[in-house]
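Asks: Below are the C-alpha cells for one structure; questions will follow.
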Amino acid sequence: MLHYVFGEDLHRYPRLRDTMFRDREDQFKARLGWEVQVTAAGEERDEYDALNPLYVIWQGPDGAHGGSMRLMPTTGRVMVNEHFAHLLAGAPIRDPGIWECTRFCLARGAAPNVAGVLMLGGGEVMRGLAIRQYVGVFDARMVRIYRMIGASPEILGGMGQGRDRISVGLWGFTDAARARVAQRAGISADLSEWWFRRSLGGRAVRAA
C-alpha cells in the first residue's frame, strides 16, 4: 500500500524510513554512481530531507520500502533552483501551484507496477493539495519508464547526450492521465484515493 508521510512524521514508520534511505543509497550511490551523501548507517540523505518534505512511499508485502519519491513546494528551497538552474536558463521556478519531485527510487526487485503506483500517488497529492504541476530533473533511463506508465513530462531544458543526458520537466495530471496510469499500475482509482485519504485526508483541500 501507499503511505504519504511528512518528514517530521517518519519516526512513526521506522522500518519504512530506514529501508527507504538504505534503498536510496543502493540505487543512487551503488547502482548509478551518483556523488551523494551516505551516512555511517548506509543511508542516503541530503539537506532537503531535513526540510520536512512529503514522501510518497510504497510498502511491500514484507513491510519494507518498495519505492518512493520526495515532494517539496517550490516556494521554499528545492534542488531544481539551487543545483539545476542552468537547465532553466537561470530562471528559477517559484510557484505555490508547482512542487518539486525528487529521489524517485525503486527498491531492488520491486514489482513492475511500483513506478506506476508512485506516479498515481503523486497525482493524488496534486488533487488533494491543489497542486497544478510537478517539476523534476531526470536522467535518460527514466524516459522509457515515464513513457511506459503513461506519464511523460513537458521538457523545459536539458544537457548532455545519450545515456548521460539530464533534463528538467513539468508534469500535470489530468483525469484521463489518472485513469491511464491507474490501469497500467493495476490499482483502482478508488483504492488510490482511499490510501491518500487514510494518510492525509485531514490536509486535503478538494471537496469531499
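The values are calculated or read from the model by the stated rules, or taken from the named source; none is laboratory data. Predicted, not measured: the structure shown is a model, and the values here were computed from it. FYI the Cβ positions are ideal-geometry reconstructions off the backbone, even for glycines, and counts take in every protein chain you see. Remember, those area values only see protein heavy atoms, side chains included, never the ligands or the DNA or RNA. Shrake-Rupley method; radii C 1.70, N 1.55, O 1.52, S 1.80 Å.
Asks: Just need a number here: residues in segment 50-66 that are in contact (Cβ under 8 Å) with a residue 12 or more places away in the chain and either farther than 22 Å from Ile131 by Cα or surrounded by fewer than 19 Cβ atoms within 10 Å (Cβ to Cβ) (or both).
Replies: Summing the residues that are in contact (Cβ under 8 Å) with a residue 12 or more places away in the chain and either farther than 22 Å from Ile131 by Cα or surrounded by fewer than 19 Cβ atoms within 10 Å (Cβ to Cβ) (or both) in segment 50-66 gives 9.
Asks: Please find, within segment 1-17, the residue that is nearest to Ala182 (Cα to Cα) out of those that are within 17 Å of the chain's Cα centre (by Cα) and in a helix (DSSP H, G or I).
Replies: Checking each candidate, the answer is Leu16.
Asks: I'd like to know if segment 134-155 contains one or more residues that are among the hydroxyl-bearing types (Ser, Thr, Tyr), within 16 Å of Pro96 (Cα to Cα) and touching a strand residue (DSSP E or B) at 6+ places or on another chain (Cβ under 9 Å).
Replies: The initial filter retains those residues of segment 134-155 that are among the hydroxyl-bearing types (Ser, Thr, Tyr), namely 134, 146, 152.
When the remaining residues are screened for being within 16 Å of Pro96 (Cα to Cα), the result is 134.
Of the ones still in play, those that are also touching a strand residue (DSSP E or B) at 6+ places or on another chain (Cβ under 9 Å) are 134.
Yes, segment 134-155 has at least one match.
Asks: Between a first residue in segment 3-24 that is farther than 21 Å from Val36 by Cα and a second residue that is among the acidic types (Asp, Glu) and open to solvent by less than 10 Å² (accessible area, probe 1.4 Å), which pairs have beta carbons less than 9 Å apart while being 6 or more apart in sequence or on different chains?
Replies: These pairs meet every condition: Tyr4/Glu124.
Asks: Using the structure shown, decide if Asp26 is closer than 20 Å to Ser199 by Cβ and charged (D, E, K, R). Steps first, answer last, please.
Replies: Values: closer than 20 Å to Ser199 by Cβ: no; charged (D, E, K, R): yes.
Criteria not met by Asp26.
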